[in-house]
Amino acid sequence: MNLTEYIDSKHDEHLNELNEFLRIPSVSAQSEHKPDIERAAKWVAERLRAAGLDKVEILPTKMHPLVYGESLRAPGKPTILFYGHYDVQPAEPLNLWTTPAFEPTVRGGNLFARGSADDKGQVHIHIRALDAIMKTAGKLPINLKVMIEGEEEVGSVSLWDFVQANKARLKADALVVSDTGMLAPGVPSITYSLRGLNYYQIEITGPAQDLHSGIFGGAVPNPITILCELFAKLHDKNSRVAIPGFYDDVAKLSKAERKALKALPWKAGDFKKNVGAPGLTGEKGFSIIEQLGARPTLELNGIWGGYTGEGAKTVIPSKAYAKFSTRLVPNQDAEKITRLVKRHIGKLLPKTVTYKIDVHSQGNAWSAPYTHPFFEVAHKALEKGFGKRAVFIREGGSIPFVTQMHDTFKVPCILLGFGLPDENAHAPDEHISLENYFGGIKAVAQFYEGLGSL
């Protein structure tokens, strides 16, 4: 039985095992799920051992455990470092899930569960690909190092400490990541650029305590009103970020790259349908696909304050809060952008309130040429796995670890993603296409086999 036949014969086994993984509510942001995080780490470690890795460890960190494994039994062959994460986003709001977030359910050719696309399903694709190679060939064709963390959804703080302390141990010829997506259904994709991410929280304080809006209204500053006015001023009429200096260092797209992006098999109508909004908005002068991957943004991610419970409570709140983020593109510096954001907000806010801004994370963008021979192997492997030619794309999301690894080790970073734009990562009813999941196992197995033939 060859590799593809073996993978096809194990569909039910693959799916049952993935369901087992998805039932573990490994939410890294919520302390009550710490036991689940530890259970997920043990689950990953056990599956990596079963897939043929010789040395697998669960390494404690200041926050959540890191799973590390390796198989170095292929002298003269490439050494690959595969990275993924087993932690997931919170499932709230729970009432918006059609079926419970941690009870995997198949509907319409898709598997619904928190983490199915981001990133448990994609991690499991690699585990099952390695297992298939071991079962059919008896050994792995390359040297492999695997690092699966539990803090990606909360900033990957411990991961980078581990990398800095273990540079020699982690040395590899390339980094491989599956935490991105495909351009569209039926379009296998390799990502060559990611946006960076800065994440902030602002707290605005007006009166010393909540006040009666009848007795004090009209003479006292309302922090919620002032917060809304602030964010209304952070974009201009062309949807550009209205912060002086924000675009100064943005790398311009060449004519050739704009032409290549325009030629991608991507339909704006499908995108609009997936979004579900009455209309779209974006920076004037750029196509939707350019706005999504090649232009920086500032987004308000959450806002709260005052009374939001049942019925009426007429107060002027003491405080108002918001979470917001900037997505950055190549040549922008994350620290510089933070300085610009803080300075501009300080100028916009009136002296009738005080404020503080907390910076939760900062990360630069990543972009790299895809001329290394490993990319050609990946390109052919995706075509074998899906029966369709692969494309090279920019990804609008952020993986800070990729930027850090590329800058530190100066090796190719190959991003093989199997999610789709409409799979609701970070939202209710997250799901992964079963066609992509099973095709991904074949493609990744072919990729590792192909690397072994170099």
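Probe radius 1.4 Å, ligands and nucleic acids left out: which of LYS62, LYS77, LYS384 has the largest accessible area, and how do the rest follow?
LYS62, LYS384, LYS77
What distance in nm lies between label points placed 7 Å from Cα along the C-beta direction at LEU280 and LYS139?
Distance between label points: 5.1 nm.
Region 266-305: which chymotrypsin sites (Phe, Trp or Tyr not before Pro) are DSSP loop and have at most 16 other beta-carbon atoms within 10 angstrom?
Loop-located and lightly packed - PHE286.
Which residues among region 303-346 fall inside the zone where the amide N is under 19 Å from a point 7 Å beyond the Cα of LYS252, along Cα→Cβ?
329-333
Amide H neighbours of PHE82 under 5 Å, at least 5 residues apart or on other chains, H built in the peptide plane: list them.
Hits under the 5 Å cutoff: LYS145, VAL146, MET147, VAL176.
How much of the accessible area of region 335-454, in percent, comes from carbon and sulfur atoms when a 1.4 Å probe is used?
49
If you count only protein heavy atoms with a 1.4 Å probe, what accessible area per residue comes out for region 172-291, rounded to a whole Å²?
Using a 1.4 Å probe on heavy atoms only, each residue of region 172-291 averages 51 Å².
For PRO265, what is the net charge nearby, where nearby means another residue's Cβ is under 13 Å from its Cβ and Lys, Arg count +1, Asp, Glu -1?
Local net charge: +3.
Could you let me know the centre-to-centre spacing of region 170-242 and region 266-319, using Cα atoms, in angstrom?
9
Which distance in nm do the two modelled labels at SER9 and ASN166 give, with both placed 7 Å along the Cα-to-Cβ direction?
A separation of 3.5 nm, rounded to one decimal place.
Under a Cβ-Cβ cut-off of 14 Å, what is the net charge of the residues other than SER361 that fall near it, where Lys and Arg count +1 and Asp and Glu count -1?
-2
Net charge around ALA74, counting only other residues with Cβ within less than 14 Å of its Cβ (Lys, Arg = +1; Asp, Glu = -1)?
Here the count lands on 0.
Can you give the relative contact order of the chain as a percent, counting alpha carbon pairs under 8 Å and 6+ residues apart?
26
Want the number for GLU383 to LYS313: 0.36 nm per residue separation, take away the alpha-carbon distance, what's left?
19.2 nm
Computed FRET efficiency, Cβ-Cβ of ARG49 and GLU335, R0 35 Å: what is it to the nearest 0.05?
Computed FRET efficiency for ARG49 and GLU335: 0.30.
Can you tell me how much longer the chain between GLU57 and LEU454 gets when fully stretched, taken as 0.36 nm per residue apart minus their C-alpha distance, in nm with one decimal?
That works out to 140.0 nm of additional length.
Please give the solvent-accessible surface of ASP87 in Å², to the nearest 10, using a probe radius of 1.4 Å with every protein chain present.
Rounded to the nearest 10, the figure is 0 Å².
The values are calculated or read from the model by the stated rules, or taken from the named source; none is laboratory data. As the structure is a prediction and not an experimental result, all values here were calculated from the model. Cβ atoms come from the backbone with ideal geometry, glycine included; neighbour counts cover every protein chain shown. SASA here: full protein model, heavy atoms, side chains in, ligands and nucleic acids out. Shrake-Rupley method; radii C 1.70, N 1.55, O 1.52, S 1.80 Å.
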